[in-house]
Each structure stands twice: as C-alpha cells, then as structure tokens.
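The values are calculated or read from the model by the stated rules, or taken from the named source; none is laboratory data. The structure displayed is predicted, hence computed values, not measured ones. Cβ coordinates were reconstructed from backbone atoms using ideal geometry, including for glycine residues, and neighbour counts include every protein chain displayed. The protein model used for the area step is the full one, side chains on, heavy atoms only, and it has no ligands, DNA or RNA in it. Shrake-Rupley method; radii C 1.70, N 1.55, O 1.52, S 1.80 Å.
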Amino acid sequence: MSGAVVSAPPRRRVRLRVEGTVQGVGFRPHVHRLAGELCLAGWVRNDHRGVIAEVEGDPLAVESFLRRVSDDAPPLARIERVLVVDAAATGEAGFVITESESGGGADTFVAPDAATCQDCLRELADPADRRFRYPFVNCTNCGPRYTIVRGVPYDRPLTTMAAFAMCPACQAEYDDPRDRRFHAQPNACPACGPRARLLDAEGREVPGVDDAIAATAAALGRGAIVAVKGLGGYHLACRAADAHAVGELRSRKHREDRPFALLTADLTGARALVHLSGAAEALLLAPERPIVLAPRRDGSAVADAVAPGHPELGVMLAYTPLHHLLAGDVGDPLVFTSANVSDEPIAYRDEEALRRLGSIADLFLVHDRPIHTRVDDSVVRPGMILRRSRGHVPRALVLPVPTERHLLACGAELKSTFCLARQERAWLSHHVGDLKNVETLTSYGEGVELLARLFAVVPEVVAHDLHPDYLSTRFALGREGVQTLAVGHHHAHLAACLAEHGETGSAVGAIFDGAGLGPDGTVWGGELLAGSLASYERAGHLWPVRLPGGDRAVRQPWRMACAWLVAALGEPPALPATMAGGVAPQAWRGVSEMVRTGLSSPLTTSAGRLFDAVAALCGLRTEVTYEGQAAIELEAACDPTERGAYELPVEGGVLDARALVRAVVRDIEAGTAPGVVAARFHHGFADATVVACTQAAHERGLGTAVLSGGAFQNRRLLARTAAGLSRAGLRVLVPERLPANDGAIAYGQAAVAAASLAIT
Ligand code: ZN
Ligand code: ZN
Ligand code: FE
C-alpha cells in the first residue's frame with residue numbers, strides 16, 4: 001500500500017440567476033451575508049434581468065445556500081424564478097459584490113412602497129440614534145419606492161431624492177455591503193435629507209415651530225384639520241373622536257357619506273376600534289399596509305360622521321415614519337382620508353395641494369421630498385381586495401397566455417386603472433380614480449408613460465372598452481401607429497378572474513355590476529357569460545328594465561324602484577309609502593312616464609340597479625352620494641337570523657326578477673321588517689344565480705364558474721352563491737388578488753388581447 005493521499009475536499013460551484021423584484025430590496029447583501037455564513041466563495045451583482053451570482057465551496061453548504069437564498073430572502077424581494085447551472089470550480093477565495101452591468105433596466109422591477117420596518121422604527125424611537133424622530137428614516141427593507149421613481153435604472157438620480165446629496169455618514173452606509181442601507185436609494189438623515197415643515201392655510205411657515213410633527217399633533221388635539229403630505233399624496237387628518245372636527249371636515253369636503261379611513265399608531269389602537277380576525281390583523285401588519293375594512297366595535301371612540309350608517313370601519317396602521325411619529329404623538333385614532341375635493345384625484349403636488357385644500361385644511365404638514373406618482377391607499381377585507389394600489393403597485397402579475405406583442409390596456413371609467421404587458425408579465429397600474437375630468441386624465445396619461453418606461457413596454461396593441469365615450473377609450477383611439485382592440489366590459493371582468501387564477505380554459509361566469517356597454521348597445525350589468533380569455537357568448541342575463549334618465553338613475557335609486565315596479569306590475573305604480581318622504585309625487589309621475597315611453601331611458605340588465613331598487617323599496621334610501629351606496633346599505637340591513645328566500649324563476653338563462661320584486665312589494669305592504677326583506681332578496685338572488693350558472697354549465701359541459709363584477713363585493717351574495725355552486729359540483733373562481741370591480745378591467749382586457757393575438 002502506498003501512503004495515504006490527502007485529497008482536497010470536493011468543491012462545488014454553481015451560477016445562479018434570480019429573477020423578479022430583487023433590486024433595491026437588499027438582495028445582494030443577503031447573498032453576501034449568506035455566502036459568508038456558509039463559508040462560500042464567489043461574487044454577486046445586479047444585471048438587466050435581476051441578480052446573478054456564483055458561489056463555490058462545500059457541496060452541502062452550496063445545497064444549503066440554494067435553499068436559503070429563496071427561503072430567507074429579504075422581506076421586500078419577490079422572487080419569480082431561480083435558475084441554477086453547475087460550473088467548474090476555480091478554487092477562488094472570498095466573496096465580493098461586484099459592479100452592476102450598465103445599460104440595464106429592462107427586466108428589473110421597481111418594488112412597491114413598503115411600510116417602515118422594525119429596525120427603522122427602533123432607530124426612530126431611540127434618543128441615542130442619529131435618526132431619532134427623523135420622519136424620513138428608511139432602509140433597503142422599507143420606505144418609498146414606486147412613488148419616488150422617475151425612471152430606470154432605479155438609482156438615486158432617477159428618484160425624487162436626486163436633489164439631496166448624502167452626508168458622509170449616509171454615504172458610508174450606502175457603500176457598505178454589510179449595512180442595512182447598502183444601496184438604499186432614499187437613504188437620508190436629519191443632516192442631509194428631506195425635512196418636515198408646518199404651514200398655515202396660506203402656505204406660510206408657522207413661526208416658532210422646531211418640531212413640525214409635535215406641533216401638528218398639538219394642533220390636532222385642539223381640533224384642527226390638517227393636510228398631511230405622505231408617501232403617495234396628501235391626506236386630511238383630524239382626531240377621529242372629535243365630533244366637531246369630523247363634522248367640519250365632512251362639510252368642507254362636500255362629500256356627504258363616503259366613509260373616512262382611520263389611522264392608528266399600532267395594532268392595539270386598531271383593536272380598540274374594530275373586531276379583527278387573525279387574517280385581518282395579518283393584513284393590517286403586512287408591508288402593503290392597506291386600509292382594512294372590519295366590523296366596528298360598539299362604543300369605539302369614533303365620531304358618528306366618520307362612517308355614517310356603516311357597520312364597518314376602514315382602519316390602517318401608520319406606514320411611514322412621519323405617520324408613526326404623528327399618530328404616536330396624538331395618542332388616539334386619526335381620520336386619515338385621501339385629500340381630494342369630491343371626485344378630483346388625490347392631491348400630491350405642493351402648490352396644487354395648497355390651492356385645492358386651502359379651504360378645507362387649517363394647517364399643512366409638508367415636506368420637501370417630491371412625490372412623483374400619486375398613489376392612493378389600498379383597501380382590503382380578508383380574502384378580498386377592493387382597491388389595489390399603494391404597496392401592491394407596480395408588482396407584476398402573470399398573464400396565462402403570454403403576448404409576443406407589447407400591450408397597453410386602457411381599462412374602464414370608474415375606479416380606473418390601466419395595464420401594460422409583454423411576454424408573460426402584466427403591470428396593473430395604481431388606482432387612478434374615476435376618469436371623468438381633465439385632471440384625472442392627465443394623471444392617467446403620465447402614469448402610462450412612467451410605467452411604460454419603467455418596464456420597457458412599447459405598446460403595439462392597445463385594448464379598450466366598447467364604450468366610445470369613456471375617456472379611456474378615447475385615449476386608446478388617440479394613440480398613433482398602434483393596433484386597437486375593443487373588449488366587452490363583462491368579458492374583461494370574466495377574463496380578469498380567469499387570468500388571475502391562471503385559467504386558460506372555458507367557464508361560465510356570473511358577472512354582476514353597475515353598468516357596462518354591451519355589444520347590443522344596451523347597458524349590461526347582470527350577465528351570464530360562457531367563455532374563455534379569447535371569446536365568450538352571452539348565456540343569459542337579468543330581466544331588462546328601463547334606466548330612467550341614464551346617469552340620474554344611478555344617483556337616485558327611487559328611479560330604479562319605479563322602473564322595476566312598472567316592469568313587475570305592468571301599470572304605472574303608486575308611490576310606495578316607504579319612499580314617500582324622499583320623492584315628490586310629481587317627480588314620481590314623470591319618471592313613471594319616462595319608463596312607460598322609454599324616453600331617455602335605455603334598457604339595462606344591471607344587477608347593481610336592482611339592488612338600488614330594492615334598497616329604495618325597503619325605505620333605506622332614495623338618493624345616493626356615491627356609486628354602490630344603496631347596495632352596501634341593503635347588505636348591512638340584512639337580518640342575520642332570516643332564512644327565507646324570494647322566488648326568482650330562471651328560464652332560458654333569463655333571471656326574471658319581476659316575481660321577486662312583486663314579493664318584495666307584498667312583504668313591505670304587509671309590514672315585514674326591511675332587514676327581513678333585504679335578507680330574503682339576497683338569498684333569492686343568490687339562489688337564482690346558482691340555478692342559472694349550473695344550467696348554463698351543464699348545457700355546455702363546463703365544470704368551472706366565475707363570480708365577478710362589483711356586485712360581488714357584497715359578501716352575503718358572494719358567499720351564498722359560491723357555496724351553492726360548489727354544492728352543485730362546480731369549481732368556483734372568485735377575484736382574490738384583484739378587485740371584483742372595474743379596477744381589474746384593464747388586466748382583463750390585457751388577458752383577452754393576449755389570448756386573441758395568440759390565436760390569430
Ligand atoms: Zn427599514
Ligand atoms: Zn445623512
Ligand atoms: Fe364593471
């Protein structure tokens with residue numbers, strides 16, 4: 001035997017590419033730390049498609065590295081895919097972060113804005129820290145992203161932090177791969193970064209203030225209404241328990257009934273206001289920090305005018321250091337509502353905010369870090385998103401059918417968003433608002449340009465709604481040198497839900513909403529569709545009635561009550577006693593006549609308008625101040641102990657709700673409580689939907705049902721319909737990551753366009 005040969009331990013080297021949202025979120029330091037811990041050699045850098053790295057060392061350590069690189073990823077990273085190939089070991093020692101490849105940007109994703117992390121909060125509260133009470137503390141794990149970015153690559157010069165030169169201490173953190181602030185683009189401190197100031201309603205700095213936030217808190221305590229510049233725009237704030245201040249805010253804002261959101265410093269504060277499930281608490285604490293809707297607690301310290309008539313309150317936790325300081329200093333819940341006058345977009349530019357909010361706010365808490373894109377707060381319930389905006393945007397969605405050609409989808413009109421797409425990725429924009437005026441359209445157009453730049457989308461095909469008068473449609477048709485594609489409103493709703501679930505096959509869909517133009521020129525909104533991403537047919541619909549006065553019927557549910565009574569009873573109805581206080585007899589006669597003759601009264605199959613009619617018949621409300629208000633109140637009114645359901649026959653796919661309306665009238669005349677009528681109505685409507693969907697599915701051999709459209713934000717309707725369909729053996733798909741309302745139309749249009757183009 002020869003002497004023992006001491007062989008070198010085997011080494012393995014791998015090259016890995018990580019794709020997704022992995023830049024500007026501390027991913028390279030994470031790789032660096034992990035390699036150090038596992039005694040691996042190699043390097044890591046950013047390139048135009050994400051992060052690329054090579055590691056070498058003990059095979060077991062490499063194995064462990066490959067697992068933990070994803071499992072222990074930084075909180076804001078969203079890994080889409082990790083590609084690993086083996087490479088020849090080189091025997092190199094040490095691990096380095098190397099320079100990024102230049103000229104990139106195309107496939108690297110700007111992250112959404114994220115709530116202040118625990119580490120930053122500790123510094124904020126530590127009197128010994130150089131960032132003690134600094135309202136702009138942030139790091140690679142938290143802080144502003146999308147709202148401050150002006151272009152790619154995502155680097156400080158292309159953010160609204162460009163004007164702030166880092167001090168030596170901040171620069172050292174920024175340059176140190178082991179530091180939490182390594183390449184944190186918004187990095188700042190009191191010596192070099194943005195600062196907060198308190199202004200009066202004329203825009204003059206309030207004299208003698210050295211801590212603007214403490215001074216604001218004191219003013220709020222005295223009952224002031226303050227416009228607060230935040231992350232994605234301005235909010236209007238006052239103490240939620242201060243009935244006088246809340247009432248004053250409501251009257252100055254000219255926004256009669258829409259509920260105000262609330263801000264608390266922490267979970268304890270939120271728990272005192274609303275009942276929170278575990279899922280709701282997790283949503284409150286998530287880095288997206290949305291407004292979470294939850295049942296209000298009896299006796300919670302909130303003025304009635306915060307959310308008149310609502311069984312729920314919308315609560316969010318502080319998500320910027322400025323909010324944390326302010327909410328902490330005030331010590332109890334704040335009204336924190338988007339600072340807009342009625343239908344205008346949220347204010348976000350300083351001069352504009354002063355001009356528009358000067359008559360509402362007593363004071364302005366401002367700062368000098370510009371907001372590049374205005375982004376509203378997102379709104380959720382457990383399992384349901386009602387507005388997908390701050391914290392979510394611009395995270396990429398997947399298109400189940402990839403598109404070779406770059407797409408822009410322009411969305412609808414209300415709760416407007418747009419969507420850009422290429423290959424298998426789609427970027428749905430922030431909530432732009434109701435696209436009904438020039439300010440909103442301008443902000444929409446700027447948003448399209450920014451997102452197109454950030455994600456290197458050069459639209460070749462532009463999808464739009466069928467409605468020729470939507471400003472989004474006109475925007476689409478005004479683009480030069482592109483192919484345009486009209487997508488039916490309710491098909492887009494169906495497609496959005498299918499695509500969200502990665503479904504490329506066919507399904508039946510009950511698509512219930514307020515209104516969308518159908519291909520037959522009537523106003524659709526209670527539709528039974530059968531189809532896929534690429535095509536659909538109308539399998540049925542709600543019984544059509546008149547929409548007396550068009551848009552006026554949306555604001556005045558009593559008009560829909562009249563239309564349904566004429567349809568159900570076949571004669572000009574007498575004004576029901578339950579509505580007598582809210583409608584002039586002469587107006588009632590006039591509308592009856594419009595319904596009978598059809599003058600200025602298009603036909604509609606809208607489900608939303610049927611809910612309005614029943615709410616009016618129940619005496620809940622004859623007029624609304626925002627869309628969906630009557631339906632929300634009808635749902636809230638339901639008697640939870642009632643088990644009955646009205647009969648609603650389905651024939652040939654048509655849901656004949658005339659019988660149901662007759663039953664409503666009979667019950668009301670017999671003195672049945674509105675809560676009982678409301679419950680029986682919800683049950684009857686859900687049960688008929690189950691019957692109609694099941695029939696349509698069986699006739700076509702389909703096994704999947706989709707429930708979408710804004711009317712399915714109604715949980716009572718959704719839960720009972722979904723349960724019934726499941727019992728009937730159908731697989732039920734409902735919107736989860738996207739709203740059921742028109743906020744998802746643009747994504748649906750993109751999915752339809754991609755699928756249609758793939759066929760032709
Ligand atoms: Zn942080
Ligand atoms: Zn500094
Ligand atoms: Fe819709």
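Number of residues in region 363-384 that are modelled with pLDDT of 95 or more, β-branched (Val, Ile, Thr) and closer than 27 Å to THR159 by Cβ equals 2. Inside region 678-717, residues that are open to solvent by less than 30 Å² (accessible area, probe 1.4 Å), closer than 25 Å to ASP612 by Cβ and free of Cβ contacts under 8 Å to residues at least 60 places away in the same chain make up a count of 7.
The C-beta contact set for region 542-570 (first residue in contact (Cβ under 8 Å) with a residue 12 or more places away in the chain, second residue outside any helix (DSSP H, G or I) and among the charged types (D, E, K, R), distance under 6 angstrom, 6+ apart or interchain) comprises TRP543/ASP656; GLN556/GLU623; ALA563/ARG546. Regarding region 551-566, can at least one residue be identified that is open to solvent by 20 Å² or more (accessible area, probe 1.4 Å), modelled with pLDDT under 95 and on the phi > 0 side of the Ramachandran plot? No: zero hits. For the residues ALA77, ALA125, the requirement of being under 33 Å from the mean Cα position of the chain (by Cα) and either within 16 Å of ligand 3 (Cβ to nearest atom) or without any contact (Cβ under 8 Å) to a residue 12 or more places away in the chain (or both) singles out ALA125. Exactly one residue among THR417, THR403 is within 15 Å of SER472 (Cβ to Cβ) and either modelled with pLDDT of 95 or more or within 16 Å of ligand 1 (Cβ to nearest atom) (or both), and that residue is THR417. Just one of the listed residues (PRO153, PRO157, PRO144) is under 25 Å from VAL375 (Cα atoms), within 16 Å of ligand 1 (Cβ to nearest atom) and either open to solvent by 50 Å² or more (accessible area, probe 1.4 Å) or at pLDDT 95 or above (or both), namely PRO144. Would it be correct to say that PHE132 is open to solvent by less than 70 Å² (accessible area, probe 1.4 Å), away from ligand 1 (no atom under 12 Å from the Cβ), within 19 Å of ALA184 (Cβ to Cβ) and not small (Gly, Ala, Ser)? Judged against the criteria, PHE132 is not a match. Does at least one position in region 490-507 carry a residue that is open to solvent by 40 Å² or more (accessible area, probe 1.4 Å) and outside any loop (DSSP other than H, G, I, E, B)? The answer is no, given that none of the residues of region 490-507 is open to solvent by 40 Å² or more (accessible area, probe 1.4 Å) and outside any loop (DSSP other than H, G, I, E, B). The set of residues in region 622-635 that are open to solvent by 50 Å² or more (accessible area, probe 1.4 Å) and of a type outside the set (Ser, Thr, Tyr) comprises GLU623, GLU627, ILE632. The listed residues are ALA515, ALA530, ALA574, and the only one of them that is modelled with pLDDT of 95 or more and away from ligand 3 (no atom under 16 Å from the Cβ) turns out to be ALA530.
Against the numbered list (1) over 30 Å from PRO295 (Cα atoms); (2) open to solvent by 40 Å² or more (accessible area, probe 1.4 Å), VAL654 comes up short only at (2). All of GLU63, GLU92, GLU56, GLU99 fail the test of being open to solvent by less than 30 Å² (accessible area, probe 1.4 Å), of a type in the set (Asp, Glu) and out of contact with any Cys (no Cβ under 9 Å at 6 or more places or on another chain), apart from GLU56.
If you scan region 292-316, which residues turn out to be hydrophobic (A, V, I, L, M, F, W, C) and in a helix (DSSP H, G or I)? Listed by number, the residues that qualify are ALA305, VAL306. For region 339-352, filtered to residues that are buried (at least 21 other Cβ atoms within 10 Å of the Cβ) and within 12 Å of GLY230 (Cα to Cα), the residue that is modelled with the lowest pLDDT is ILE346. Pairs linking a residue in region 617-631 that is among the basic types (Lys, Arg) to a residue that is outside any helix (DSSP H, G or I), with Cβ atoms under 8 Å and 6 or more positions apart or on different chains, are ARG621/GLY582. Of the numbered criteria (1) buried (at least 20 other Cβ atoms within 10 Å of the Cβ); (2) more than 16 Å from ligand 1 (Cβ to nearest atom), the one ALA184 fails is (2). Contact annotation: residue pairs with Cβ atoms under 7 Å, 6 or more positions apart or on different chains, pairing a residue in region 191-208 that is over 15 Å from LYS229 (Cα atoms) with a partner that is within 12 Å of ligand 2 (Cβ to nearest atom) and aliphatic (A, V, I, L, M), are CYS192/ALA165; CYS192/MET166. Residue count for region 389-430 under the criterion of being open to solvent by 30 Å² or more (accessible area, probe 1.4 Å) and either outside any strand (DSSP E or B) or acidic (Asp, Glu) (or both): the result is 7. Selection of region 434-472 for residues being open to solvent by less than 10 Å² (accessible area, probe 1.4 Å) and not in a helix (DSSP H, G or I) yields LEU435, PHE455, VAL457, VAL461, VAL462, ALA463, ASP465. Within region 533-545, restricting attention to residues that are farther than 22 Å from ALA421 by Cβ and in a loop (DSSP other than H, G, I, E, B), the residue that is farthest from ligand 3 (Cβ to nearest atom) is TRP543.
Scan region 243-288 for residues that are within 17 Å of GLY299 (Cα to Cα) and open to solvent by 30 Å² or more (accessible area, probe 1.4 Å) and the total you get is 6.
Annotation for region 473-485: no member residue is crowded, with 21+ Cβ neighbours inside 10 Å and either within 20 Å of the chain's Cα centre (by Cα) or closer than 29 Å to LEU717 by Cα (or both).
Mind checking whether some residue in region 613-621 is more than 14 Å from ALA561 (Cα to Cα) and assigned to a loop (DSSP other than H, G, I, E, B)?
No, there is no match, as no residue in region 613-621 is more than 14 Å from ALA561 (Cα to Cα) and assigned to a loop (DSSP other than H, G, I, E, B).
For region 182-205, the criterion of being among the charged types (D, E, K, R) and either assigned to a helix (DSSP H, G or I) or within 29 Å of the chain's Cα centre (by Cα) (or both) is met by none of the residues.
Going residue by residue through region 168-180, is there one that turns out to be in a loop (DSSP other than H, G, I, E, B), within 13 Å of ASN138 (Cα to Cα), within 11 Å of ligand 2 (Cβ to nearest atom) and of a type in the set (Lys, Arg)? Scanning region 168-180 turns up no residue that is in a loop (DSSP other than H, G, I, E, B), within 13 Å of ASN138 (Cα to Cα), within 11 Å of ligand 2 (Cβ to nearest atom) and of a type in the set (Lys, Arg).
Return the residues of region 671-693 that are within 24 Å of GLY383 (Cα to Cα) and either in a strand (DSSP E or B) or of a type in the set (Val, Ile, Thr) (or both); say none if nothing qualifies. Matches in region 671-693: THR689, VAL690. Against the test of being hydroxyl-bearing (Ser, Thr, Tyr), closer than 28 Å to PRO308 by Cβ and modelled with pLDDT under 95, the options THR641, THR625 yield a single qualifying residue, THR625. When region 726-760 is filtered for residues that are surrounded by fewer than 24 Cβ atoms within 10 Å (Cβ to Cβ) and part of a helix (DSSP H, G or I), the ones remaining, listed by number, are SER726, ARG727, ALA755, SER756, LEU757, ALA758, ILE759.
Applying the condition of being touching a residue at least 12 places away in the same chain (Cβ under 8 Å) and open to solvent by 20 Å² or more (accessible area, probe 1.4 Å) to region 511-520 and asking which residue is farthest from ligand 1 (Cβ to nearest atom) yields PRO519.
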